[in-house]
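The values are calculated or read from the model by the stated rules, or taken from the named source; none is laboratory data. Quantities reported herein were computed from a predicted structural model and do not represent experimental measurements. We place every Cβ from the backbone using ideal geometry, glycine too, and count neighbours over all the protein chains shown.
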Amino acid sequence: MLSGDPDGAWSDPWHDASVGLLTISPVSDDFTGTRLGVCNLCEAICGIRLTIERGEVTAIRGNDADPLSRGYICPKGVSMADVYTDPDRLKRPIRRVTDDAGDTTWVEMDWDEAYDLVADRLAATITEHGRNSVGVYLGNPSAHSLGSQTHGTALVKSLRTRNRFSASSVDQIPHQLVSWQLYGHQLMIPVPDIDRTSYFLVVGANPMASNGSLMTVPDFPARVRELKARGGQMVVLDPRRTETAKVATAHHFVRPGTDAVVLLAMLNVLFTDGLTTPPPYVDHVDRVRELVTAFTPEGAEAHSGVPADVIRQVARDFAAADAAAAYGRVGVSTQGFGSVCQWAIQCLNLLTGNLDRPGGVMFPEPAIDIVGRRIIGQGHFDAWRSRVRDSPEFAGELPVSVLREEIETEGDGQVRAMVTMAGNPVLSTPDGTSLARALASIDFMVSIDIYLNETTRHADVILPPTSALERDQYDLVFHNFAVRNTARFTPAVFAKAKGQRHDWQIFSALASRLQSRLGDELPLKARVLSWARMTASPAVVVTGLLLTGRKVSMRQLRAHPAGVDLGPLQPTMPARLQTNNKRIDLAPALLVGDLDRLHASLEESPSQGTDELLLIGRRHQQDCNSWLHNTARLTRGKPRHHLLMHPDDLVARGLTDGGRVTVTSRVGSVEVEATGVDDMMPGVVSLPHGYGHQVDGTRLGNARQVAGVSINDLTDPDKLDISGNAAFNGVPVTVSAVQ
Ligand SMILES: Nc1nc2c(c(=O)[nH]1)N[C@H]1C(S)=C(S)[C@@H](COP(=O)(O)OP(=O)(O)OC[C@H]3O[C@@H](n4cnc5c(=O)[nH]c(N)nc54)[C@H](O)[C@@H]3O)O[C@H]1N2
Ligand SMILES: Nc1nc2c(c(=O)[nH]1)N[C@H]1C(S)=C(S)[C@@H](COP(=O)(O)OP(=O)(O)OC[C@H]3O[C@@H](n4cnc5c(=O)[nH]c(N)nc54)[C@H](O)[C@@H]3O)O[C@H]1N2
Ligand code: SF4
Ligand SMILES: [Mo]
């Protein structure tokens with residue numbers, strides 16, 4: 001347990017010991033001046049400068065002195081303080097109480113009472129039904145909170161359940177699987193060296209809106225302008241003419257879900273034209289040559305709609321460029337052949353000598369090397385399978401698409417209690433409405449979240465941690481994907497309010513209570529170590545981890561709160577490879593094996609002339625997955641939840657621009673306004689994810705400003721990539737006028 005007063009701003013003795021004289025204290029209620037902070041809303045991790053008047057944030061700007069973000073900030077960063085001041089944000093634990101009439105109210109409780117209740121219920125479930133009867137789901141902001149990284153995963157591990165789930169399996173598992181297979185570590189994911197490249201191929205990503213992902217690239221717009229100014233090209237493959245496509249030198253429509261054949265056909269062109277120059281530490285190049293002979297540009301055109309000439313030209317230009325970087329993101333990882341796509345993208349970079357080359361794709365060397373030091377494990381696949389569907393795990397997690405059936409199917413190993421942390425799977429995972437039904441039926445659920453949302457409303461107890469401006473931050477994850485090597489530690493701007501807890505304190509308190517209830521399963525030494533780990537603050541953990549890296553110390557970081565520049569990305573291969581033999585197997589059996597499934601799927605292409613359209617997702621600059629819909633600043637203006645479709649597709653169905661339509665898939669149907677735009681590829685429609693906030697006519701605390709519909713009431717939990725990742729893109733739907 002923690003010693004000291006958990007209500008104090010610095011509650012643990014370790015913290016005070018670590019910071020010494022260089023501590024920047026959180027601002028007091030009457031503080032007027034500026035303070036540096038960091039935006040944790042997306043992967044760009046922009047440094048920000050807050051203007052504070054008498055303790056209130058009056059303006060947020062980008063920090064010009066930040067060596068990575070260089071003064072950039074987007075509209076979400078400007079709104080960061082809106083979350084801090086939001087009266088709907090939860091600050092005390094609440095418990096759901098249902099009266100005899102079935103009406104629900106939420107009652108505040110104190111922390112100790114809440115911790116005890118949660119620990120009692122989880123421990124009782126485990127004692128009665130075994131370890132796997134507790135399911136865990138980690139949402140996206142877990143990756144953006146230091147405390148969650150240092151203490152949250154430890155709590156999850158201590159539960160020792162196989163029913164672990166996260167937003168990763170609706171996002172980037174294909175990248176992780178491919179990196180593990182090729183480079184020996186799931187997070188050894190090369191990033192485009194955008195500042196030095198001359199040819200940037202972007203497949204299924206929209207960094208102009210998303211600010212980049214698995215590529216920490218603040219100020220993407222300026223970096224693209226610079227790329228074009230030095231004569232470089234950016235070529236985009238996307239079924240929508242996106243914000244990124246509009247600033248590209250070329251954009252080509254691709255039929256959703258068919259990128260694998262396009263990318264494999266590009267490899268085919270490299271081989272037939274003799275354009276391959278792989279590095280000496282790569283094996284089985286000839287096997288790849290054989291495998292791609294079946295994928296011709298003409299065949300790819302028939303499936304994807306990308307002209308064969310374009311496929312040839314892109315492959316040739318890519319190989320001829322001084323330095324080229326191929327990059328694919330959510331559009332190509334959340335589809336049926338996500339892993340094949342990511343593999344083909346790596347092959348494109350490797351075969352043209354662009355891996356580990358300045359201007360190609362490179363491996364960042366963060367001050368805390370989460371890969372090389374194995375702070376995060378290498379990865380593994382199929383060490384166990386899900387009970388009902390027999391789906392393999394990856395890196396200790398099962399696909400979240402199987403969660404509903406694991407809760408609803410009776411029997412040994414059934415999930416009877418859930419822990420969710422910083423997530424909203426009811427809106428963010430396939431067939432969310434059915435998942436909501438399952439969560440409503442569960443014996444016990446606890447959510448660690450700052451809002452009452454579509455998911456946490458099913459919890460028995462919600463434990464709300466402090467929000468981002470109240471806690472220390474060091475990006476353990478995103479420095480590993482940054483386009484430049486930098487390091488930055490940002491102390492909390494505001495003191496934790498009385499009666500609040502940091503997320504790491506919540507994890508620590510729950511872990512220790514669970515341990516005492518479940519008995520002394522661990523030997524004394526392990527218990528002492530785990531106590532030390534769980535009671536040391538995140539800042540102390542970071543201080544220690546920085547020591548191991550020897551690139552920069554906590555003292556230096558505290559002296560330079562804008563961040564320390566560690567220079568441009570450098571070649572590190574093959575020394576840094578995490579494979580046993582320090583070589584890359586370009587044709588691993590697991591990925592090659594999936595080509596059979598690809599061939600089979602090409603045989604059964606959908607019949608032409610049907611009424612079917614293919615549904616894809618969409619992100620807007622002012623959205624943040626399913627949250628931030630409670631801030632007026634980010635939600636005003638034209639509604640953006642509409643179904644986008646090509647005007648010809650509207651006309652063909654007798655629909656009018658702006659009219660209400662019913663969109664129906666195998667899984668469900670939604671009613672929404674349709675907008676005709678020729679930015680859509682004909683035959684393709686798009687809805688953003690993270691909407692669909694209306695619940696029984698009442699708005700929850702996370703979204704009083706907007707409603708919309710949830711695209712994940714249409715997406716299909718049966719459609720998975722080989723990695724277990726959900727296939728969100730290319731969902732067959734029909735669209736008709738609302739009757
Ligand atoms: N159809 C479709 N679905 C998608 C996607 C898509 O492209 N198409 N994208 C997918 C992707 S890439 C992702 S990452 C997922 C996201 O899926 P999730 O992670 O499940 O959902 P979020 O909307 O990010 O939910 C974040 C929750 O964390 C809470 N929160 C915010 N800050 C904190 C904090 O500091 N601590 C705690 N404890 N809670 C906090 C918010 O209140 C919110 O409830 O959605 C996926 N779903
Ligand atoms: N503003 C904002 N920024 C965000 C987020 C947010 O919600 N809002 N979320 C953050 C998160 S969690 C993530 S993971 C990142 C994601 O970052 P990105 O991947 O850059 O974002 P998306 O907008 O999902 O881009 C996916 C693109 O793929 C296209 N696409 C869809 N289907 C296909 C297909 O079959 N083939 C091809 N080639 N393209 C296809 C879509 O049209 C879209 O343009 O963004 C992060 N940043
Ligand atoms: S791009 Fe915007 S949301 Fe992302 S970190 Fe920067 S300011 Fe925050
Ligand atoms: Mo994501």
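Taking residue 346 and the conditions (1) surrounded by 23 or more Cβ atoms within 10 Å (Cβ to Cβ); (2) touching a Phe, Trp or Tyr at 6+ places or on another chain (Cβ under 8 Å), which numbered condition does it fall short on, given that it satisfies the others?
(2)
Tell me which of these residue 473 doesn't satisfy, since it passes every other one: (1) surrounded by fewer than 24 Cβ atoms within 10 Å (Cβ to Cβ); (2) touching a helix residue (DSSP H, G or I) at 6+ places or on another chain (Cβ under 6 Å); (3) of a type in the set (S, T, N, Q).
(1)
Give the residue, chosen from 155, 138, 117, that is within 16 Å of ligand 4 (Cβ to nearest atom), of a type outside the set (Gly, Ala, Ser) and closer than 20 Å to residue 90 by Cβ. Quick ask: steps written out before the conclusion?
Details: 155 fails: within 16 Å of ligand 4 (Cβ to nearest atom); 117 fails: within 16 Å of ligand 4 (Cβ to nearest atom).
So the residue among 155, 138, 117 that is within 16 Å of ligand 4 (Cβ to nearest atom), of a type outside the set (Gly, Ala, Ser) and closer than 20 Å to residue 90 by Cβ is 138.
How many residues does the stretch 82-94 hold that are more than 13 Å from ligand 1 (Cβ to nearest atom), surrounded by fewer than 19 Cβ atoms within 10 Å (Cβ to Cβ) and outside any loop (DSSP other than H, G, I, E, B)? Let's see the steps before the verdict.
Filtering the stretch 82-94 down to residues more than 13 Å from ligand 1 (Cβ to nearest atom) leaves 85, 87, 92, 94.
Narrowing further to those that are surrounded by fewer than 19 Cβ atoms within 10 Å (Cβ to Cβ): 85, 87, 92.
Filter once more, so that each one left must be outside any loop (DSSP other than H, G, I, E, B): 85.
So the count comes out to 1.
Filter the stretch 294-322 down to residues that are more than 30 Å from residue 589 (Cβ to Cβ), out of contact with any Lys or Arg (no Cβ under 6 Å at 6 or more places or on another chain) and not in a helix (DSSP H, G or I), then give me how many there are.
So the answer is 3.
Working only within the stretch 96-149, note down all residues that are out of contact with any strand residue (DSSP E or B) (no Cβ under 8 Å at 6 or more places or on another chain) and not in a helix (DSSP H, G or I).
Correct list: 100, 101, 102, 103, 110, 130.
Each row is one residue, and each column tells you yes or no for (1) of a type in the set (A, V, I, L, M); (2) within 16 Å of ligand 1 (Cβ to nearest atom); (3) buried (at least 20 other Cβ atoms within 10 Å of the Cβ); (4) not assigned by TED's automatic domain parsing to the domain that holds residue 621.
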{"position": "30", "(1), (2), (3), (4)": "no, no, no, yes"}
{"position": "34", "(1), (2), (3), (4)": "no, no, no, yes"}
{"position": "41", "(1), (2), (3), (4)": "yes, yes, yes, yes"}
{"position": "51", "(1), (2), (3), (4)": "no, no, no, yes"}
{"position": "56", "(1), (2), (3), (4)": "no, no, no, yes"}
{"position": "65", "(1), (2), (3), (4)": "yes, no, no, yes"}
{"position": "75", "(1), (2), (3), (4)": "no, no, no, yes"}
{"position": "80", "(1), (2), (3), (4)": "yes, yes, yes, yes"}
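Kindly indicate which of 402, 361 is touching a residue at least 24 places away in the same chain (Cβ under 8 Å), more than 16 Å from residue 170 (Cβ to Cβ), in contact with a Pro (Cβ under 8 Å, 6 or more places away or on another chain) and not basic (Lys, Arg). Steps first, answer last, please.
Working: 402 fails: more than 16 Å from residue 170 (Cβ to Cβ).
Going through 402, 361 in turn, the sole match is 361.
Checking residue 604 against (1) without any contact (Cβ under 8 Å) to a residue 60 or more places away in the chain; (2) within 16 Å of ligand 3 (Cβ to nearest atom), which test does it fail?
With (1) without any contact (Cβ under 8 Å) to a residue 60 or more places away in the chain; (2) within 16 Å of ligand 3 (Cβ to nearest atom) applied to residue 604, the lone miss is (2).
Can you tell me how many residues in the stretch 476-506 are part of a strand (DSSP E or B) and either within 18 Å of residue 535 (Cβ to Cβ) or in contact with a helix residue (DSSP H, G or I) (Cβ under 8 Å, 6 or more places away or on another chain) (or both)?
Quick first cut of the stretch 476-506, residues part of a strand (DSSP E or B) only: 482, 486-487, 489-490, 494, 501.
Okay, now just the ones that are also either within 18 Å of residue 535 (Cβ to Cβ) or in contact with a helix residue (DSSP H, G or I) (Cβ under 8 Å, 6 or more places away or on another chain) (or both), so 486-487, 489, 494, 501.
Qualifying residue count for the region: 5.
Here are some conditions: (1) at pLDDT 95 or above; (2) under 20 Å from the mean Cα position of the chain (by Cα); (3) outside any loop (DSSP other than H, G, I, E, B). Residue 222 meets all but one. Which one does it not meet?
The one condition residue 222 does not meet is (2).
Residues of the stretch 573-626 being more than 16 Å from ligand 4 (Cβ to nearest atom), in contact with a His (Cβ under 7 Å, 6 or more places away or on another chain) and in a loop (DSSP other than H, G, I, E, B), which ones?
Residues of the stretch 573-626 that are more than 16 Å from ligand 4 (Cβ to nearest atom), as a first pass: 573-615, 622.
Next cut, in contact with a His (Cβ under 7 Å, 6 or more places away or on another chain) only: 578, 585-587, 602, 605.
If the condition is that a residue be more than 16 Å from ligand 4 (Cβ to nearest atom), in contact with a His (Cβ under 7 Å, 6 or more places away or on another chain) and in a loop (DSSP other than H, G, I, E, B), then 578, 586, 587, 605 are the ones that fit.
Just checking, which of 208, 215 is within 16 Å of ligand 1 (Cβ to nearest atom), among the aliphatic types (A, V, I, L, M), touching a strand residue (DSSP E or B) at 6+ places or on another chain (Cβ under 6 Å) and under 28 Å from residue 307 (Cβ atoms)? Even if it seems obvious, please write down each step before you answer.
Working: 208 fails: touching a strand residue (DSSP E or B) at 6+ places or on another chain (Cβ under 6 Å).
Of the residues listed, the single one that is within 16 Å of ligand 1 (Cβ to nearest atom), among the aliphatic types (A, V, I, L, M), touching a strand residue (DSSP E or B) at 6+ places or on another chain (Cβ under 6 Å) and under 28 Å from residue 307 (Cβ atoms) is 215.
Filter the stretch 176-217 down to residues that are aliphatic (A, V, I, L, M) and in a helix (DSSP H, G or I) and give me whichever is farthest from residue 634 (Cα to Cα).
Applying the first criterion (aliphatic (A, V, I, L, M)) to the stretch 176-217 yields 177-178, 182, 187-189, 191, 194, 201-203, 205, 208-209, 214-215, 217.
If we keep only those that are in a helix (DSSP H, G or I) too, we end up with 177-178, 182, 208-209.
Numbers: 177: 35, 178: 36, 182: 41, 208: 17, 209: 14 Å.
The residue in question is 182.
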